[in-house]
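Values in this text are rule-based calculations from the coordinates and carry no lab data. Everything numeric in this text was worked out from a predicted model, so none of it was measured. We place every Cβ from the backbone using ideal geometry, glycine too, and count neighbours over all the protein chains shown.
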């Protein structure tokens, strides 16, 4: 499949916020972890990166804030070349929420945790307070501010990590496996958060294996396999490419397999959610009824 | 009732220094050859319950326990974890945490050695176990050189070589990528064909519906639902009350019935759901 961005409307005429040009990364041990990647990410996009462990997903996103710099090619973020900027500058533009919240939680209270990222940005006391309060409100953390993050359960800790990122408010938010080990409620919450980040004008990059999550978002989806980008399109289009799915060892959500096996659905479409099938059935029934009415009226 | 593979009666357990028991008056049983899925929100007590069945709780992980657990008719309290390991195998969430040896062969021999399996018998069992998880020919490799899915299959092989009657798996695939998940669930399918009794904890209800005979829903330390997979997953309103959900196809059929006044049976697998829907919409 050819790389294309058909998510942001009029994306072709806009400048990308983040641009990855012909990037390869070879680790010091000689392993090539990403190879010949071209990728433009635009304002307002939610981008999911799928692929097996070891396919290069994490290596790729570590380039976004300069944690890694490309061995070949270059990356610009917000107009800055990642090779030439300090990580501290880039990390105010690109924030990460790691898979394991314990890796980024280390202060004795939730409030201190929320303030930490801002103190590193050298902003005024009042601005920090404003940002932290906004994050507290959005994540409904009012009752937990004095709690030690390690007394919270893993999904709450993850939310604290996300709230800290929200307070720093980087343009790009990278979420690494946000739903792993989460129960249904936790997964639903992550879905809401991704939508909320988007509404607040952030670009969200998701590294995930969670096909239900991508199905619900139906966002731009990049598939990595053996260090290369093998697909880049909207989720329903990617999920309909059996060859790519098989190559990357991916299975669509159960409801997609169900829809594919039904004989009377619109076979030109790929259905990613329960609701999408129900609305098709509804439309189709209405059309039939109209046709019957027209038929009986003439 | 004839002897069951696992019989839990009025089990209550409380960790030290907590205000409330984590498990409250739990009773259920599973027969030989059945696979039980345990689902429930985070913090419901699922892992604690699983660890009660092989005696890890309360023998290694302390606390106060009341009630009875019988495995193959034997009282787990009166046995110890080491003795139970001959009957009940346990596979944890993170494969790396349960591997300790230099080669795959040694890894599988390790548990058997602890059971006192004679050396000449070990080789045969290693071969069998590796073939059950499709890792033949990997004997001399290091466990750490395997992918996540392969490591988890190795952990399963090491347990299988001990020839337990019962296998417990606590979120065995949550750390794995899609390929790894499929690999592990394929192994599970095999085990079922061999007549193994099992308990699986997993959040992926579609998988549970496809592989389990019975489902137990735990919330707040109490059994909220227990029955066959069909019985549990077709009570959608109850599942939603517990912040859980049924497999997507079941959710679809239920909503279809509501929106279009249908009377479709609530199937829980893709194959059956397609049959149900197609026969009503010819």
By how many degrees, between 0 and 90 and to the nearest 10, does the Cα long axis of helix B:104-115 differ from the longest principal axis of chain B?
-> 80
Per residue of A:105-113, other chain Cβ atoms within 10 Å number on average 0
Which of A:108, A:252, A:149 moves the most in a Gaussian network model of chain A with Cα springs under 10 Å?
-> A:108
For chain A, what's the relative contact order in percent, using C-alpha pairs closer than 8 Å and at least 6 residues apart?
-> 22
Note down the nm distance, to one decimal, between modelled labels 7 Å out along Cα→Cβ at residue B:75 and at residue B:263.
-> 5.3
The protein assembly as shown: Rg/Rh from Cα coordinates, Kirkwood Rh?
-> 0.99
Residue A:294/residue A:36 FRET efficiency (R0 60 Å; Cβ-Cβ; nearest 0.05) | 0.60
Whole-Å distance, taken between Cα centres, linking the stretch B:112-162 and the stretch B:223-279 = 39
Could you give the nm distance between label points at residue B:9 and residue A:125, where each point is 7 Å from its Cα heading toward the beta carbon?
-> 6.7
Could you check what % of the DSSP bridge pairs in the protein assembly as shown are antiparallel, to the nearest 5?
-> 55
Based on the Cβ-Cβ distance of residue A:74 and residue A:53, what FRET efficiency does E = 1/(1 + (r/R0)^6) give at R0 = 22 Å, to the nearest 0.05?
-> 0.25
Most mobile listed residue (A:259, A:135, A:167) in chain A, GNM with C-alpha springs under 10 Å | A:259
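Once you keep just the Cα pairs under 8 angstrom separated by 6 or more residues, what percentage relative contact order results for chain B? Write out the running numbers ahead of the final one.
Numbers: 527 pairs, mean separation 62.0, N = 282.
Dividing the mean separation by the residue count of chain B yields 22 percent.
Averaged over A:52-62, how many beta carbons belonging to a partner chain fall within 10 Å of each residue's beta carbon? The partial results should precede the final answer.
Values: counts 8, 9, 3, 2, 0, 1, 0, 0, 0, 0, 0.
Taking all residues of A:52-62 together, the mean is 2.
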In chain B, what % of DSSP beta bridges are antiparallel (nearest 5)?
-> 55
What residues from the stretch B:135-175 fall in the zone where the backbone N is under 19 Å from a label point 7 Å along the Cα-to-C-beta line of residue B:123?
-> B:136-141, B:161-162
So what's the angle, to the nearest 10 degrees on a 0 to 90 scale, between helix A:184-199 and the longest Cα principal axis of chain A?
-> 80
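Can you tell me the FRET efficiency between residue B:144 and residue A:100 if r is taken as the Cβ-Cβ distance and R0 is 25 Å, rounded to the nearest 0.05?
Working: r = 19 Å, r/R0 = 0.77.
The pair residue B:144/residue A:100 has a calculated efficiency of 0.85.
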In degrees between 0 and 90, to the nearest 10, how far off the longest principal axis of chain A does helix A:274-297 point, with axes built from Cα atoms?
-> 30
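Multiplying the sequence separation of residue A:185 and residue A:143 by 0.36 nm and subtracting their Cα-Cα distance, what value in nm do you get? Kindly include the intermediate steps, with their values, before the conclusion.
Values: separation 42, 0.36 × 42 = 15.12 nm, distance 1.96 nm.
Gain on extension, residue A:185 to residue A:143, equals 13.2 nm.
Would you calculate a helix-derived [θ] at 222 nm for chain A, using -39,500 (n - 2.57) for each DSSP H run of n ≥ 4 and dividing by the full residue count, to the nearest 500? Please report the intermediate quantities before stating the final value.
Working: 11 runs with 117 residues, N = 298.
After summing the helix terms and dividing by residue count, I get -12000 deg cm²/dmol.
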